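Just so it is clear, none of the values below were taken in a lab; they were calculated from the coordinates. Treat the numbers as computed from the prediction; the structure is a model and nothing was measured. Note: ideal-geometry Cβ built from the backbone for every residue, glycine included; neighbour counts use all protein chains shown.
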Amino acid sequence: MKKLLIAVLLFINGILFSQKDYQNWIFGAHVALSFSNGTLTAALSPSINTNEGTAVQNNPVNGQLLFYTDGEKIYTSSHQIMSNGNNLNGNASSTQSSLILKQPGNNNLY
């Protein structure tokens, strides 16, 4: 009974306090999925076209898409190549050719 109670509390905690960092997924051949407002929405507008690894950064507070990459190019939320976001050294044939990390001590730089 104790294990069940702990599992339920962890599940509820995840629902109530989950971060919105993972609200938008972009991958494959121009595919985007959004889990905003508790519903799944699909879109075909992203500029990305890759068979393997991608990375996406969302606003952790409201879940809004900030930017995404395939490791070769970085795209803005409006699906345009970001300034200086071209000719990166990633590869479209890499399982994980990019990783997005926040700059330590600054929540606005990646």
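Report yes if ASN49 is farther than 14 Å from TYR22 by Cα, in contact with a strand residue (DSSP E or B) (Cβ under 7 Å, 6 or more places away or on another chain) and exposed (fewer than 14 other Cβ atoms within 10 Å of the Cβ), otherwise no. Before you say what the answer is, go through the steps one by one.
Numbers: farther than 14 Å from TYR22 by Cα: yes; in contact with a strand residue (DSSP E or B) (Cβ under 7 Å, 6 or more places away or on another chain): yes; exposed (fewer than 14 other Cβ atoms within 10 Å of the Cβ): yes.
Considered against the rule, which asks whether it is farther than 14 Å from TYR22 by Cα, in contact with a strand residue (DSSP E or B) (Cβ under 7 Å, 6 or more places away or on another chain) and exposed (fewer than 14 other Cβ atoms within 10 Å of the Cβ), ASN49 comes out as yes.
Any chance you could count how many residues in region 33-81 are outside any strand (DSSP E or B) and β-branched (Val, Ile, Thr)? Explain how you work it out, then say what you get.
Of the residues in region 33-81, the ones outside any strand (DSSP E or B) are 35-40, 44-48, 50-54, 59-64, 70-73, 77-80.
Now drop any that are not β-branched (Val, Ile, Thr), which leaves 39, 48, 50, 54, 61.
Total satisfying the criteria: 5.
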